Amino acid sequence: MTTSTKPPLILLIPPAILLVAFLTGIGYLVVESLRTDMGWGLGNFVDFFDRPDYVAVLIRTIVIALASTLLAGVIGYPIAYAIAQYKGNRNFLMMLVIMPWLVSVVVRTYGWIVILGPKGTLNSLLMSLGIIETPIRMIFNMTGVVIGLVHVFCPFFIVSVLSVLLYLDRGLNEASQTLSAGPIKTFLNITWPLSLPGVITGAILVYLLSTGAIVTPLLLGGVRDGMLATQIYQDVLQVFDYPKASSMAIILLLAAFSLIIPLQLLERRVAARVSGMGR
Amino acid sequence: MRVLRSIVLVLLFAFLPLPIIVVALSSLTKTGYFTIPLESISLRWYIEFFTDQQWIGLLLISGAIAVLVALISTTVALMSALVLARHKFTGSGAFETLIMLPLVFPNAALGVAFLGLLGLLGVSGTYLGIVLAHCIITLPFAYRPILNSLRKLDPAIEEASMSLGASPGKVLRTVTLPLLKPGLISAFLFCFIVSFDEATITVFLIAPDVTTLPVRILTEIQESASPSSRPSPHS
């Protein structure tokens, strides 16, 4: 290759500026989280874990994120599988998955208020049918938050799994069927293990996005169903205590990473095993 | 068994577009709620939106921010991809990881980090600050598609045009960029959509008179159940 097809390194200066800005923000976050009224230390973190309501919020955040991840998988995997198996025009099915993505999270979340809210579609339908007398409380609680999060982040799971399923060697399936394994056995022994890397990537994405979500818990959660992210937002809004907010952001980061890092290690092992199997 | 499977699949597929369809339908009702049986149909929410200076202003501002962010991010991502796809130097892998890094941070934590950063830079509560934050979070979305199209591009084409005497600048303009067009377009669109929709991080960066459309809709829904905010241009 001639040297002149190699673009000059000077081009990296603008991206470097953005990256330095980003790292400065993260660094500042870490430093500020250690600032307390009595000098530097872990005081903010101690204060956090001394407050039972904050600990409850942290636990609720993890529970909601895990539940959303699990449900997104239960709903997303069959959809991805159906798209991959579909013989006809896949693009239409893909559109159904990707279209919601193009619509603002705020609007999509609002849709659930319209459907499940006290004056919403479902309640009005049930009341006009005479099944119920007074509206049922379906959202503004943890269930509402989970429904919203699953809906908003499910496409990420579907696309992760689909990106693996679409590149599976169809020959493997046929081989398994010719060797007289039924469709269920073929799925369990061939498709499922080979799609695991996609499942793990999808689960990581949904968990990560759920822990950091603000819009959905704010709109679909009750007053007492805050997640760590909304708690941070409300604390920043009410009392501008940056060190406290940054220590809570660090706790949020750790809550996210403590699950993701083991999952990523698992993904590497699975991927290594799968690529060994495929050959 | 087959029928049951089809029913389950139809329900699963209906789940994703459902709220959007309901929002679109209810934006045409008088009460703002799509109820069954259906009540009278009206365009009042749209009239309210498009006759309100404030909403139109926010629509234009969010659009302008998104275009600016998409332009900057796509350009910066192109620069990074051009270098990183052709050069392998110590730290080039790390550089790439850094570009993708904002993706693995929970959004709320990013919001707090950007709040601090903008304070440090003296641009807190300004549109400039929002643009900077959006550029950082959209960079990975721009980088990936551009890198993918760059990887598909055969360096021999560039070498051929160069051996025919084209200057590096001319090669870039007449050969490389036209071939990268699909990647550049999807990068631009990704960035535009992410920036235009972004509310989770932006809520930390707004000031009383500096806000974006999705954030304003969010606060509007929170403050009142009145859905006049709802017929956003998106729905």
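Read the figures in this text as sums done on the coordinates, not as results from a lab. Only a predicted model underlies this, so the values are computations on that prediction, with no experimental measurement involved. Cβ placement follows ideal geometry from the backbone for every residue including glycine, while neighbour counts extend to all protein chains displayed.
Could you size up the charge dipole of region A:97-211 around its Cα centre, putting +1 on the beta carbon of Lys and Arg and -1 on that of Asp and Glu, and report it in debye to the nearest 20? Walk me through the numbers before you get to the answer.
On the way: 5 positive and 3 negative charges, 37 e Å.
Here region A:97-211 has a charge dipole of around 180 debye.
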Ranking B:P145, B:G125, B:I47 by how far each Cα lies towards the positive end of the charge dipole of chain B (+1 on Lys and Arg Cβ, -1 on Asp and Glu Cβ), the top one is B:P145
Listed residues B:A66, B:A142, B:A24; largest mean-square fluctuation, Gaussian network over chain B with Cα springs below 10 Å, found at B:A24
Hull volume per residue for region B:65-107, using the convex hull of the C-alpha atoms, in Å³ is 64 Å³
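If packing is taken as the average number of other Cβ atoms within 10 Å across a peptide's residues, how do B:190-198, A:124-132, A:238-246 rank, most packed first?
Working: B:190-198: 23.2, A:124-132: 12.7, A:238-246: 16.7.
The packing order, highest mean first, is B:190-198, A:238-246, A:124-132.
Could you compute the FRET efficiency for B:L120 and B:F89, with r as their C-beta to C-beta distance and R0 at 41 Å, rounded to 0.05? Show your work: numbers first, answer last.
Numbers: r = 30 Å, r/R0 = 0.73.
Between B:L120 and B:F89 the formula returns 0.85.
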Output field shielding_mean for A:214-221 (other chain Cβ, 10 Å radius) holds 4
Normalised per residue, the volume inside the convex hull of the alpha-carbon atoms of chain A in Å³ amounts to 225 Å³
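With only Lys, Arg, Asp and Glu charged, each at its Cβ (+1 for the first two, -1 for the last two), find how big the charge dipole of region A:52-278 is about the Cα centre; round to the nearest 20 debye. Intermediate values should be presented prior to the final figure.
On the way: 13 positive and 8 negative charges, 81 e Å.
For region A:52-278, the charge dipole is close to 380 debye.
Output the relative contact order of region B:37-191, whole-number percent, from Cα pairs under 8 angstrom with separation of 6+ residues. Spell out each step's value before the answer.
Values: 113 pairs, mean separation 53.8, N = 155.
RCO, region B:37-191: 35 percent.
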Note to self: C-alpha centroids of region A:172-191 and region A:64-93 sit apart, in Å, by 21 Å
Dividing the helical contributions, -39500 (n - 2.57) per DSSP H run of n ≥ 4, by the residues of chain A yields a 222 nm value, nearest 500 deg cm²/dmol, of -24500 deg cm²/dmol
Along the dipole axis of region A:142-279 (charges at Cβ: +1 for Lys and Arg, -1 for Asp and Glu; origin at the Cα centre), the most positive-end residue among A:T186, A:I250, A:I232 is A:T186
Taking Cα atoms only, Rg over Rh for the protein assembly as shown with Rh from the Kirkwood formula is 0.99
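Hey, with R₀ at 25 Å, roughly what FRET efficiency would A:L265 and A:A16 work out to, going by the Cβ-Cβ distance, to 0.05?
Values: r = 30 Å, r/R0 = 1.20.
Efficiency computed from Cβ-Cβ geometry: 0.25.
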Sorted by chain and then number, the residues having a modelled amide H within less than 5 Å of the amide H of A:T36, at least 5 places away or on another chain, are A:G41
Neighbour-count ranking for A:I62, B:I185 (other C-beta within 10 angstrom, fewest to most) reads B:I185, A:I62
Projected onto the charge dipole of the protein assembly as shown (unit charges on the beta-carbon of Lys, Arg, Asp and Glu, signs +1, +1, -1, -1), the Cα from B:V67, B:V8, A:S195 with the largest positive-side position is that of A:S195
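Across the residues of A:154-163, average count of Cβ atoms on other protein chains within 10 Å?
Details: counts 3, 1, 0, 0, 2, 0, 0, 0, 0, 0.
Mean shielding count: 1.
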For region A:1-98, the Cα-Cα pair-distance distribution in 5 Å bins from 0, as whole percents, is 2, 9, 8, 8, 8, 9, 10, 12, 14, 10, 6, 3, 1, 0
Chain A, Gaussian network, Cα under 10 Å: of A:A67, A:A203, A:A82, the residue fluctuating most is A:A82
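Please state the charge dipole magnitude for chain B, taken about the Cα centre, from unit charges on C-beta atoms (+1 on K and R, -1 on D and E), reported in debye and rounded to the nearest 20.
On the way: 14 positive and 12 negative charges, 155 e Å.
Value, rounded to 20: 740 debye.
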Listed residues A:L122, A:L19, A:L70; largest mean-square fluctuation, Gaussian network over chain A with Cα springs below 10 Å, found at A:L19
Each residue of B:215-222 has, on average, a number of other protein chain C-beta atoms within 10 Å of its C-beta equal to 4
Residue-ordered couplings for region A:169-181, obtained by feeding phi - 60° into the Karplus form 6.51 cos²θ - 1.76 cosθ + 1.60 and rounding to whole Hz (Gly and Pro as x), are 6, 4, x, 4, 4, 5, 4, 4, 5, 5, 7, 6, 8
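With N set to the residue count of region B:51-229, report its C-alpha Rg divided by 2.2 N^0.38 Å to two decimal places.
Compared with the compact-globule rule of thumb, region B:51-229 sits at 1.23.
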